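Read through the structure below, which is laid out as structure tokens, and then see the notes.
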Amino acid sequence: MRELWIVRHGETEWSLSGRHTGRTDLPLTPHGEDQARAIGDRLAGHAFARVLTSPLRRARDTCRLAGFGEVAVSAPDAMEWDYGAYEGKTRAEILAGAPGWTIWDGGVPGGESLQDVAARARRVIGEAETADGDVLLFSHGHLLRILTTCWLGLEPRLGAMLALGPARLGVLARSREAPVLSLWNASGP
């Protein structure tokens, strides 16, 4: 693999309202569908040796609307963080019961730990590295932020510093010296 291109899924009702959306299988909003088509325009013409997608509907639909549904392979490890008891809750709702909480160091009752998600992210990177050429991955905000820290050899909690909006693109590459982040949070054309 030369480069790993990552795309966060388009807007859903829950991403719009700030609700933690882990394993709840929501559809894209009409605006999210438009975002997916726009990111597809940005990706058009680039040759990918492999296309991976989270099996969750919002990622699969973003992949399909971007024009890669026919060639995409499901990657279960690319699913979003399992938020356990915090699934569907906003940060404000969580803070009401757990003052000072952050996803990055506060944990989630009944869900995955940050290290669990990082282990899955590393497996996705390992799968991508077997490709003979660039790889395209459609996934989710927190998973992609953690995957990026793993790529860069950083602590997964530093994903807190990497905002990634709906239907946004990043490109992870390698220079001669080190892994690099060559594009981040880019939108369609």
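The numbers here are math on the coordinates, done by the rules we state, and not lab data. It should be emphasised that the depicted structure is a prediction, and the values quoted were computed from it without experimental measurement. Please note: Cβ atoms are built from the backbone with ideal geometry, for glycine as well, and neighbour counts cover all protein chains shown.
Computed quantities for the displayed model
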item: Residue check for Val124: among the β-branched types (Val, Ile, Thr) and outside any helix (DSSP H, G or I); result: no
item: Some residue of region 116-127 being in contact with a Lys or Arg (Cβ under 6 Å, 6 or more places away or on another chain) and surrounded by 15 or more Cβ atoms within 10 Å (Cβ to Cβ); result: no
item: Any chance Ala38 is touching a residue at least 24 places away in the same chain (Cβ under 8 Å) and in a helix (DSSP H, G or I); result: yes
item: Selected residue (criterion: farthest from Gln35 (Cα to Cα)) from residues of region 49-67 that are charged (D, E, K, R) and assigned to a helix (DSSP H, G or I); result: Arg57
item: Of all residues in region 41-75 being free of Cβ contacts under 8 Å to residues at least 40 places away in the same chain, out of contact with any Cys (no Cβ under 6 Å at 6 or more places or on another chain) and not basic (Lys, Arg), the one that is farthest from Gly141 (Cα to Cα); result: Gly45
item: From the options Ala96, Ala75, residue that is in contact with a strand residue (DSSP E or B) (Cβ under 6 Å, 6 or more places away or on another chain) and either surrounded by 19 or more Cβ atoms within 10 Å (Cβ to Cβ) or farther than 25 Å from Arg122 by Cα (or both); result: Ala75
item: Residue ID - nearest to Glu70 (Cα to Cα), chosen from residues in region 1-59 that are among the basic types (Lys, Arg) and over 14 Å from the mean Cα position of the chain (by Cα); result: Arg50
item: Only one of Leu147, Leu114 that is touching a residue at least 40 places away in the same chain (Cβ under 8 Å) and over 25 Å from Ala72 (Cα atoms); result: Leu114
item: Residue that is nearest to Arg60 (Cα to Cα), among those in region 158-189 that are under 13 Å from the mean Cα position of the chain (by Cα), without any contact (Cβ under 8 Å) to a residue 40 or more places away in the chain and surrounded by fewer than 17 Cβ atoms within 10 Å (Cβ to Cβ); result: Asn185
item: Selection within region 130-164 - farther than 13 Å from Leu114 by Cβ and among the hydroxyl-bearing types (Ser, Thr, Tyr); result: Thr130, Ser139, Thr148
item: Neighbours by Cβ (under 8 Å, 6+ apart or cross-chain): first from region 20-31, touching a residue at least 40 places away in the same chain (Cβ under 8 Å); second β-branched (Val, Ile, Thr) and in a loop (DSSP other than H, G, I, E, B); result: Thr21/Thr12
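Conditions tested, residue by residue: (1) of a type in the set (A, V, I, L, M); (2) farther than 26 Å from Leu28 by Cα.
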{"position": "Ala59", "(1), (2)": "yes, no"}
{"position": "Leu65", "(1), (2)": "yes, no"}
{"position": "Lys89", "(1), (2)": "no, no"}
{"position": "Ala96", "(1), (2)": "yes, yes"}
{"position": "Gly111", "(1), (2)": "no, no"}
{"position": "Asp116", "(1), (2)": "no, yes"}
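Residue by residue, here is whether (1) in a helix (DSSP H, G or I); (2) out of contact with any His (no Cβ under 9 Å at 6 or more places or on another chain) holds:
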residue: Ala118; (1), (2): yes, yes
residue: Gly133; (1), (2): no, yes
residue: Leu137; (1), (2): no, yes
residue: Leu147; (1), (2): yes, yes
residue: Trp151; (1), (2): yes, yes
residue: Ala167; (1), (2): no, no
residue: Leu172; (1), (2): no, yes
residue: Val180; (1), (2): no, yes
residue: Asn185; (1), (2): no, yes
